[in-house]
Amino acid sequence: ASDVYKRQAQLRALEKYTREHPDDAPSRFLLAYHYVTTGSTDAAVRRLREVVKLRPEDAVAAELIRMLGGPDAEPTADTATARPLAPADATTPA
């Protein structure tokens, strides 16, 4: 049970940090990751949209939004410059 409390405290500390640092995209990405692992998909997508707004070139965040939000999801209405990741081609050598 103490591990659960420790993880909750760490998550709350990260949430506090992101509120105090509104221009910090990496902390928002990390927070989105934690939300995904806890099943809080909507919250994760909101944080990822913030990442894309701060860093429109972040293709990973944009693709995660599409993956989590379904086939009709877009990163944001006004910042969609990040290109989706291309799937690996099994016929192309690494």
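Computed quantities for the displayed model
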read-out	value
Subset of region 59-80 [buried (at least 22 other Cβ atoms within 10 Å of the Cβ) and either part of a helix (DSSP H, G or I) or modelled with pLDDT of 95 or more (or both)]	Ala61, Ala62, Leu64, Ile65
Checking Lys53 against (1) open to solvent by 100 Å² or more (accessible area, probe 1.4 Å); (2) part of a loop (DSSP other than H, G, I, E, B); (3) modelled with pLDDT of 95 or more, the condition it does not meet	(2)
First in region 16-35 and touching a residue at least 12 places away in the same chain (Cβ under 8 Å) and closer than 14 Å to Ala61 by Cα, second anywhere and part of a loop (DSSP other than H, G, I, E, B) and open to solvent by less than 80 Å² (accessible area, probe 1.4 Å), Cβ under 8 Å, 6 or more apart	Ala25/Asp58; Ser27/His21; Phe29/Asp58
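Residues checked against (1) among the aliphatic types (A, V, I, L, M); (2) open to solvent by less than 80 Å² (accessible area, probe 1.4 Å):
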{"residue": "Gln10", "(1), (2)": "no, no"}
{"residue": "Tyr17", "(1), (2)": "no, no"}
{"residue": "His21", "(1), (2)": "no, yes"}
{"residue": "Ala32", "(1), (2)": "yes, yes"}
{"residue": "Thr38", "(1), (2)": "no, no"}
{"residue": "Ala44", "(1), (2)": "yes, yes"}
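The values are calculated or read from the model by the stated rules, or taken from the named source; none is laboratory data. No experiment lies behind these values; they were computed from the predicted model shown. Cβ: placed from backbone, ideal geometry, glycine included. Neighbour counts: every protein chain shown. In case anyone asks, the SASA skips ligands and DNA or RNA and just uses the protein heavy atoms, side chains included. Shrake-Rupley method; radii C 1.70, N 1.55, O 1.52, S 1.80 Å.
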